[in-house]
Amino acid sequence: MIAADRRGMGLEGKNVVVLGVADESSLAWAIAKRFAEHGAHVFIGYQQKFFSRVRLLLLDNPGVQGDRCDVLKDEEITNFFARFASNPIDVLVHAIAYAPNELFTEPASNCTAEGFCQSMTISAHSLCKAVKFAKPNLREWGSVITLTYQASERAEASYGLMGVSKAALESTVRYLALELGRNKVRVNALSPGPIETVAATGIMGAFLRNPEALENQRARAFQEAIRMAQAESHPDPLAVASGAWKHFQDLVARRCAIEDTVSKEDVADSALFLGSDYSRKITGQLIHIDCGLSTANAV
């Protein structure tokens, strides 16, 4: 159960929409939960395929509402945002991304046009689409927030061409900030360090099923993390992937200015700031939540 926890962020009564909730482990849910704790009215959007998981979250947290919102389906996204015509949105959180396994495990030159376009459409263009449908119902001084990753700025072997989609997403943030600025609506991106989510363990699992890809992609940190996990007594491949991801986080933490891992709650707290009036003059920006990984490399 989410209880109100008002600690001076000025979010009480604000309308917050969070797109991309898949289950309890998702960053989108951590953000939704944190806004609800601060007294905001939270409405989540999810794909129907995740309904069985999301339904449990909604039952356990009656203060949060939700509905289907597949950004690839115009009818769903139209119906989703229509409810805000008389009750405008203060904060819109876009936490939607996808790429087929080939973008992570295959060399960049082997990427198919279909896979590349699918990743760009869902991971980058979906922000444009969400803003298009939300724009008539965005309140003045509103905030749009999306989630990216540092592989957008420098190539990361284990992230493959998904990094290109994140680079496109960040560029989109700047252009949307320019567009929405005349309405006094800001648009920013949060770039967390590695965090364990279903999507993250899925990437690790893709490499576990394709060991040659680790060598081809030069994903040495993933290799080391997987070796460490395989040496442990994990009951199944999913547990190995989860264990390997934790080792990967630890390996990354050793290279950071602050030698620590990043949690979903760390990201959610930064989203609170970007959703509050304290960030009202910040727009078109990329904010790293990575213990200094993007600016320091302690190798």
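The values are calculated or read from the model by the stated rules, or taken from the named source; none is laboratory data. All values reported here derive from a predicted model rather than from experimental measurement. Backbone-built Cβ (ideal geometry, glycine too); neighbour counts: all protein chains shown. Please note that ligands, DNA and RNA were not included when accessible areas were found on the heavy atoms of the full protein model with its side chains. Shrake-Rupley method; radii C 1.70, N 1.55, O 1.52, S 1.80 Å.
Quick notes on this structure:
- Evaluated against (1) open to solvent by 60 Å² or more (accessible area, probe 1.4 Å); (2) in contact with a Gly (Cβ under 6 Å, 6 or more places away or on another chain), Asn101 falls short on exactly one condition, (2).
- Only helices (runs of 4 or more DSSP H) whose full extent lies in region 90-167 are considered here, and the ones with at least 2 residues that are at pLDDT 95 or above and basic (Lys, Arg) are 126-134.
Yes or no, residue by residue, for (1) open to solvent by 80 Å² or more (accessible area, probe 1.4 Å); (2) basic (Lys, Arg); (3) over 21 Å from Gly163 (Cα atoms):
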| site | (1), (2), (3) |
| --- | --- |
| Ala189 | no, no, no |
| Ala231 | yes, no, yes |
| Val240 | no, no, yes |
| Phe248 | no, no, no |
| Leu251 | no, no, no |
| Ala257 | no, no, yes |
| Lys264 | no, yes, no |
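- Members of region 212-226 found to be assigned to a loop (DSSP other than H, G, I, E, B) and within 24 Å of the chain's Cα centre (by Cα), listed by number: Gln217, Ala219
- Just one of the listed residues (Ser263, Ser233, Ser270) is among the hydroxyl-bearing types (Ser, Thr, Tyr) and more than 22 Å from the chain's Cα centre (by Cα), namely Ser233.
- Test for Ala225: is it aliphatic (A, V, I, L, M) and out of contact with any His (no Cβ under 6 Å at 6 or more places or on another chain): no
Listed here are the residues, each with its yes/no results for (1) open to solvent by 30 Å² or more (accessible area, probe 1.4 Å); (2) in contact (Cβ under 8 Å) with a residue 40 or more places away in the chain; (3) closer than 30 Å to Phe273 by Cβ.
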| position | (1), (2), (3) |
| --- | --- |
| Ile44 | no, no, yes |
| Gln47 | yes, no, yes |
| Glu75 | yes, no, no |
| Thr78 | yes, yes, no |
| Phe84 | no, yes, yes |
| Ala97 | yes, yes, yes |
| Ala113 | yes, no, no |
| Gln118 | yes, no, no |
| Ser126 | no, yes, yes |
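- Each residue in region 266-297 was checked for being assigned to a loop (DSSP other than H, G, I, E, B) and open to solvent by less than 60 Å² (accessible area, probe 1.4 Å), and 10 of them qualify.
- Condition check for Ile122: among the β-branched types (Val, Ile, Thr), touching a strand residue (DSSP E or B) at 6+ places or on another chain (Cβ under 9 Å) and within 25 Å of Glu170 (Cα to Cα): no
- Test: residue in region 282-289 that is of a type in the set (Val, Ile, Thr) and more than 17 Å from Leu147 (Cβ to Cβ): no
- The set of residues in region 96-117 that are touching a Ser or Thr at 6+ places or on another chain (Cβ under 7 Å) and aliphatic (A, V, I, L, M) comprises Ile96, Ala97, Ala99, Leu103.
- Scanning region 128-142 for residues that are of a type outside the set (A, V, I, L, M, F, W, C) and open to solvent by less than 50 Å² (accessible area, probe 1.4 Å) gives Lys129, Asn137, Gly142.
- Scanning region 144-155 turns up at least one residue that is closer than 26 Å to Val240 by Cα, surrounded by fewer than 22 Cβ atoms within 10 Å (Cβ to Cβ) and of a type outside the set (S, T, N, Q).
- Listed by first and then second residue, the pairs with beta-carbon distance under 9 Å, at least 6 apart or on different chains, first residue in region 156-177 and of a type in the set (Phe, Trp, Tyr), second surrounded by fewer than 18 Cβ atoms within 10 Å (Cβ to Cβ), are Tyr175/Cys128; Tyr175/Gly284.
- Test result for Ser233, among the hydroxyl-bearing types (Ser, Thr, Tyr), farther than 27 Å from Asn183 by Cβ and without any contact (Cβ under 8 Å) to a residue 24 or more places away in the chain: yes
- Selection count, region 193-229, where residues are farther than 26 Å from His288 by Cβ, of a type outside the set (Lys, Arg) and open to solvent by 60 Å² or more (accessible area, probe 1.4 Å): 5
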